[in-house]
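A quick write-up on the structure given underneath.
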Number of protein chains: 2
Amino acid sequence: VSFACVNGAESTYCRITERGLQYGDGVFETLLCLQGTPMDFERHWARLARGCDALRIVCPDIREQVLEIIRDRHEHERAVAKLIVTRGESGRGYRCPDGVTPSWMVSIDAAPDATPETGVDVTLCRVRLSLEDERLAGLKHLNRLPQVLARSEWHDEYFEGLLCDCQGNLAEGTANNVFLVKDGGLVTPDLSTGGIAGIVRQKVIDHARQQCTLLQIRRVAIAELRDADEVFLTNSVYGVTPVRSVAGVAFKVGSVTQTLREQLCRPNH
Amino acid sequence: VSFACVNGAESTYCRITERGLQYGDGVFETLLCLQGTPMDFERHWARLARGCDALRIVCPDIREQVLEIIRDRHEHERAVAKLIVTRGESGRGYRCPDGVTPSWMVSIDAAPDATPETGVDVTLCRVRLSLEDERLAGLKHLNRLPQVLARSEWHDEYFEGLLCDCQGNLAEGTANNVFLVKDGGLVTPDLSTGGIAGIVRQKVIDHARQQCTLLQIRRVAIAELRDADEVFLTNSVYGVTPVRSVAGVAFKVGSVTQTLREQLCRPNH
């Protein structure tokens, strides 16, 4: 980590009474920052606020402070900032006493290289996403063990792994949403049984609606992958990433993916 | 917290790169300690080791050190020690690099008062337990948001809340397992679709088998509660706790529960 702050003060330490550690009791956002400016900040902030609402954490009023920290600390032209908000520190027990102040942490690192235009190789994970209570579904919360276990299924031989939900339908990657292109239209899982509603996923959806591209947001059987003309991933750090193979099955990197990649990954889009 | 240590050194701080915070990537045990001696330590240690195994965390060789810390730090005659083991510290991303050293933390507090022999009042929670991948099922891991949300459904008017799994069957309390007594026999959920396999739960099961008490470990429909003769909770801190009401429906505190409470809660059992 090249910079970290906890509750606004530069530090790499938090208390072990932190409920983020004890229970994963919080939410996070991962922001791609170009020359000190986070991309799609309004969308990220809105999702963070929704996540806090769902968990009944009073989202701290740190919007301007976070922007300032990222602006002042852009040692890297392209950086990734991770923002965590938790319910705060408390004693033992799931109940959080009244009056506990939420904690927040920002860590900033150099951004990884962009993904190749020629596409990435993807595997299928054996781990299934947890089917969560509806209050948790879709939230970018700190309970991420399914993703950790899924990511441990491979080393560097793949860029990403796709996960199914507990009913065996395609849900998402460990850190990317997934889209199929079929006959020029887009298909993406509806996430009703697992998965995070990604910011770039929403941008692709909004763009498709604007352009009147055929778009289906629904349950996607894993077998449908094989019939896709193109497959791509979406994620805030990498934007749109073409997939050239899933579990050894090859896909072409086609014009639908390429166009979206160009149009949605511009900083000022 | 009256005492805390991180990786063996007295401290109340951990790094924010701790995967326990970032992802809930770890397991924990809660130990009742009487005059510096943790109860059922072998069972707790075995469960911790199994949990680490399941998550492929190399369980640190801290058995004797943990016992020593608890022995040296028993400011309270009755204390609760919480032991957390995580995969360790790492950079951003679900993948944990090779060679990362697991972290461990012990915090010690005064134990709460024993539960009353006359029984406690219990509510039914609206939150459902997550249906987890089989690699996570039953583990006492750090992804505990369902329990946090469930516990936020009431204040002090109840001692505990019972949760159903995603299929609507009775699973467990937020921090206790649950048993029904019917015609002198015991019934407890099999936890196949959610819930932690508690240490005192296992002691009750072992005891029932020894005594040839009729014992059923199976799916339990929530409607069966109403027909129970007695209901009790099990938990390492409180042992066996009689239930005198669930969601306003009264139960008697009967002899099966009372006998188990006396027999299993003795320190040297």
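The values are calculated or read from the model by the stated rules, or taken from the named source; none is laboratory data. Keep in mind the model is a prediction, meaning the values are calculated, not measured. Reconstructed Cβ throughout: ideal geometry from the backbone, glycine too, with neighbour counts over all protein chains shown. Ligands, DNA and RNA are stripped out before the accessible areas are found, and what is left, the full protein with its side chains, is counted by its heavy atoms. Shrake-Rupley method; radii C 1.70, N 1.55, O 1.52, S 1.80 Å.
Quick one: dipole size for the range B:1-159, taken about the Cα centre, charges +1 on Lys/Arg Cβ and -1 on Asp/Glu Cβ, in debye to the nearest 20.
With only Lys, Arg, Asp and Glu charged at Cβ, the dipole is about 700 debye.
Can you check what the net charge comes to around A:Ala54, using other residues whose Cβ is under 10 Å from the Cβ of A:Ala54 (Lys, Arg +1; Asp, Glu -1)?
So the surrounding residues net to +1.
Which cross-chain or sequence-distant (5 or more) residues have an amide H under 5 Å from the amide H of A:Val120, H modelled 1.01 Å from N in plane?
The list, which skips near neighbours in sequence, is A:Val243, A:Arg244, A:Ser245.
Using only the Cα atoms of the protein assembly as shown, what semi-axes does the equivalent ellipsoid have when each is the square root of 5 times a gyration tensor eigenvalue? Give whole Å, largest first.
For the protein assembly as shown, the ellipsoid semi-axes come out as 43, 27, 20 Å.
Sketch the reach of a paramagnetic label on B:Glu134 as a point 7 Å from Cα along Cα-to-Cβ, and name the residues of the range A:138-172 whose backbone nitrogen lies under 15 Å away.
A:166-168
How far apart, in nm, are the 7 Å Cα→Cβ label points at B:Lys182 and A:Val1?
5.1 nm
Using a Gaussian network for chain B with springs between C-alpha atoms less than 10 Å apart, which of these wobbles most: B:Gln167, B:Gln211, B:Gln147?
Among B:Gln167, B:Gln211, B:Gln147, the largest mean-square fluctuation in the Gaussian network model of chain B belongs to B:Gln211.
If we count every other residue with Cβ under 11 angstrom of B:Cys166's Cβ, Lys/Arg +1 and Asp/Glu -1, where does the sum land?
-4
In nm, what does the list of distances from B:Pro116 to its counterparts in the other copies look like, shortest first, when each label sits 7 Å along Cα to Cβ?
Once sorted, the set of distances for B:Pro116 reads 7.0 nm.
Any idea what the A:Val1 label distances to the other copies are, label 7 Å down the Cα→Cβ vector, nm, shortest first?
The projected label point of A:Val1 is separated from its counterparts by 1.6 nm.
Please report, in debye to the nearest 20, how large the charge dipole of the range A:170-228 is about its Cα centre when each Lys and Arg carries +1 at its beta carbon and each Asp and Glu carries -1 there.
Values: 7 positive and 6 negative charges, 15 e Å.
Dipole size: approximately 80 debye.
Could you state the per residue volume, in Å³, of the convex hull enclosing the Cα atoms of chain B?
Details: hull volume 35.1 nm³, N = 269.
So the per-residue Cα hull volume is 131 Å³.
To the nearest hundred square angstrom, how large is the accessible surface buried between A and B, total for both chains, probe 1.4 angstrom?
Counting both chains, the buried surface is close to 5200 Å².
Identify the residues of the range B:197-212 with backbone N under 19 Å of a label point that sits 7 angstrom from the Cα of B:Gln167 along the Cα-to-Cβ direction, or state none.
B:197
For chain B, what is the relative contact order in percent, using Cα pairs closer than 8 Å and at least 6 residues apart in sequence? Display every interim value, and only then the final one.
Working: 552 pairs, mean separation 48.3, N = 269.
It rounds to 18 percent for chain B.
If r is the Cβ-Cβ distance from A:Asp121 to A:Gln210 and R0 is 25 Å, what FRET efficiency results, to the nearest 0.05?
In this case the efficiency is close to 0.20.
Normalised by the empirical 2.2 N^0.38 Å for globular proteins, what value does the Cα Rg of the range B:48-91 take?
1.41
Give me the one-decimal nm value for the distance between modelled label points at B:Arg50 and B:Asp190, 7 Å along each residue's Cα-to-Cβ direction.
Placing both labels 7 Å beyond Cα along the Cβ direction yields 1.6 nm.
Go through A:Lys140/B:Lys82; A:Lys82/A:Lys182; B:Lys203/B:Lys252; A:Lys82/A:Lys252 and tell me which ones have a Cα-Cα distance over 25 Å in this structure.
Pairs exceeding the cut-off: A:Lys140/B:Lys82; A:Lys82/A:Lys182; A:Lys82/A:Lys252.
Where the label is 7 Å out from Cα toward Cβ, how close does A:Ala46 come to the same position in every other copy, in nm, shortest first?
Label-point separations across copies, in nm and ascending: 5.4.
What is the distance in Å between the Cα centroid of the range A:1-54 and that of the range B:63-128?
Centre-to-centre distance over Cα atoms comes out at 25 Å.
Over the range A:54-166, average the accessible area per residue using a 1.4 Å probe and give it in Å², no decimals.
On a per-residue basis, 44 Å².
Measure nothing but the geometry: give the 0 to 90° angle between the long axis through the Cα atoms of B:199-210 and the longest principal axis through the Cα atoms of chain B, rounded to 10°.
Result, in degrees: 50.
Tell me, what % of the accessible area of the protein assembly as shown is carbon and sulfur with a 1.4 angstrom probe?
Of the solvent-accessible surface of the protein assembly as shown, carbon and sulfur hold 45 percent.
Nearest 20 debye, what's the magnitude of the dipole of chain A about its Cα centre given +1 on Lys and Arg Cβ and -1 on Asp and Glu Cβ? The partial results should precede the final answer.
Details: 31 positive and 36 negative charges, 108 e Å.
Dipole size: approximately 520 debye.
Compare each residue of the range A:2-23 in its chain alone against the assembly with all protein chains, and report those whose accessible area goes down by 30 Å² or more; 1.4 Å probe, heavy atoms.
For the range A:2-23, once contacts with the other chains are taken into account, A:Thr12, A:Tyr13, A:Cys14, A:Arg15, A:Ile16, A:Leu21, A:Gln22, A:Tyr23 lose 30 Å² or more.
Return one number: the angle in degrees, 0 to 90 and rounded to the nearest 10, between the long axis of the Cα atoms of helix B:41-55 and the longest principal axis of the Cα atoms of chain B.
With rounding to tens, the tilt is 70 degrees.
In the protein assembly as shown, if the dipole is taken from +1 on Lys/Arg beta carbons and -1 on Asp/Glu beta carbons about the Cα centre, which of A:Gly119, A:Gly239, A:Gly185 is farthest to the positive end?
In the protein assembly as shown, that residue is A:Gly185.
What is the local net charge at A:Ser107, summed over the other residues whose Cβ is closer than 15 Å to its Cβ (Lys, Arg +1; Asp, Glu -1)?
Net charge in that neighbourhood comes out at -3.
Just the accessible area per residue of the range A:189-269, please: how many Å² with a 1.4 Å probe?
Here the residues of the range A:189-269 average 47 Å² of exposed surface.
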